[in-house]
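Have a look at the structure below, then the notes.
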Ligand code: S3P
């Protein structure tokens, strides 16, 4: 299977020492939200640093289909002319969100309290993923949905013509579910309350406040209680999207396992709801430092410096850190195979419903490269083989999952023998410049087109 029909295998050979500056693209989560909130604002929202990955471009198409004007300028910046809260038009075609769970779940939320009907679909990966986690709370607003068995896409949502606000406790740690409910609450009169027991990425809350919505967040015994007042007039904004910590993870981890490396990854957002991987790597003994700590657009930002770290030790990753590094477990498991001792990752059931079942996908690929992995329903562990002890030489399936493909390419940079993935095309969903960027640092990546 491939994101584009024809799979393109890629092989990562043992790298030269990785050196230089890795300028990773804009944050995927913030890019989706910039377009969606821009589409609901009055006036022109200007965005710089937008991630131009396939996931975000699909969200731009979807918001155009609902009446917003989304334009890219010659200088690389983007503008969104919004339709105002409650002003979405009914799309006249099926909305294809490609590979993006964030795109489809947030857009379902945004249209669920408007009197329009929309049908959503995606690629083979997205059409397997659970949507009931979003349609259940949207039904409380009065929206109806009909999809395939077990709440899978393709799915049609009939928005509520006369929505009522809701109070909803999110049953799984999911920023996508939280955000879908908040976005639906925007067009419901009165106060919508979302409660999360575990804090997940808070970009929606921050950005809603930035666009002028009335939103409060309280830490209580019940959890984080977020209260949004519906039907605000959102004001167009200027947004500078910070660079994505989830993409920074790849050059950082590659440097830690490749002898002689010293890489600077500048301008990375260290929002505490996103930065868990970097603290985990430091706990393992990685030579990873935060330089030039500063604040940009209300977010803590630093330049990350990662150097080859042959002394890393396996650890038990604190389960309470899971939400803040949920997308980084695949590449962490690669680093863990180059450490000494076992790394235990527990409380990570959500990994089973990402773009792929990421525990299964990584376990298969790590084993194919000579690494011992043990797994249960919501945990897995990796036996470290030491800095020079990972055999490599295997071919891994990427299961239409960008982070699986990139993680195994990182593995090949430090392993004894080359590592191959059957399909590298999914990388374009979140990190379209991965191959030239990593090559410029010293990686040796070869595609078999
Ligand atoms: C995201 C939330 C996370 C994450 C995804 C992006 C977001 O998913 O895995 O890549 O932008 O809200 P969940 O909220 O389902 O955990």
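The values are calculated or read from the model by the stated rules, or taken from the named source; none is laboratory data. Predicted, not measured: the structure shown is a model, and the values here were computed from it. We place every Cβ from the backbone using ideal geometry, glycine too, and count neighbours over all the protein chains shown.
Assess whether residue 109 counts as being within 16 Å of the ligand (Cβ to nearest atom) and touching a residue at least 40 places away in the same chain (Cβ under 8 Å). Yes. Restricting region 211-235 to residues that are crowded, with 20+ Cβ neighbours inside 10 Å and touching a helix residue (DSSP H, G or I) at 6+ places or on another chain (Cβ under 8 Å), the residue that is nearest to residue 113 (Cα to Cα) is 230.
From 407, 381, 398, which residue is more than 30 Å from residue 97 (Cβ to Cβ) and in contact (Cβ under 8 Å) with a residue 24 or more places away in the chain? Of the residues listed, the single one that is more than 30 Å from residue 97 (Cβ to Cβ) and in contact (Cβ under 8 Å) with a residue 24 or more places away in the chain is 381. With respect to the conditions (1) touching a strand residue (DSSP E or B) at 6+ places or on another chain (Cβ under 6 Å); (2) more than 23 Å from residue 136 (Cα to Cα); (3) surrounded by fewer than 23 Cβ atoms within 10 Å (Cβ to Cβ), residue 52 falls short on a single one, namely (1). Being under 25 Å from residue 322 (Cα atoms), in contact with a helix residue (DSSP H, G or I) (Cβ under 8 Å, 6 or more places away or on another chain) and assigned by TED's automatic domain parsing to the domain that holds residue 353 is a description that applies to residue 406.
Residues that are within 15 Å of the ligand (Cβ to nearest atom), touching a strand residue (DSSP E or B) at 6+ places or on another chain (Cβ under 9 Å) and closer than 29 Å to residue 225 by Cα are absent from region 86-100 altogether.
Is it the case that residue 55 is more than 17 Å from residue 97 (Cβ to Cβ) and within 16 Å of the ligand (Cβ to nearest atom)? Taking the combined requirement at face value, the residue does not satisfy it. Counting the residues of region 46-68 that are free of Cβ contacts under 8 Å to residues at least 60 places away in the same chain and in contact with a helix residue (DSSP H, G or I) (Cβ under 9 Å, 6 or more places away or on another chain) gives 10. Scanning region 120-139 for any residue that is touching a residue at least 24 places away in the same chain (Cβ under 8 Å), more than 14 Å from the ligand (Cβ to nearest atom) and within 17 Å of residue 231 (Cα to Cα) turns up at least one such residue.
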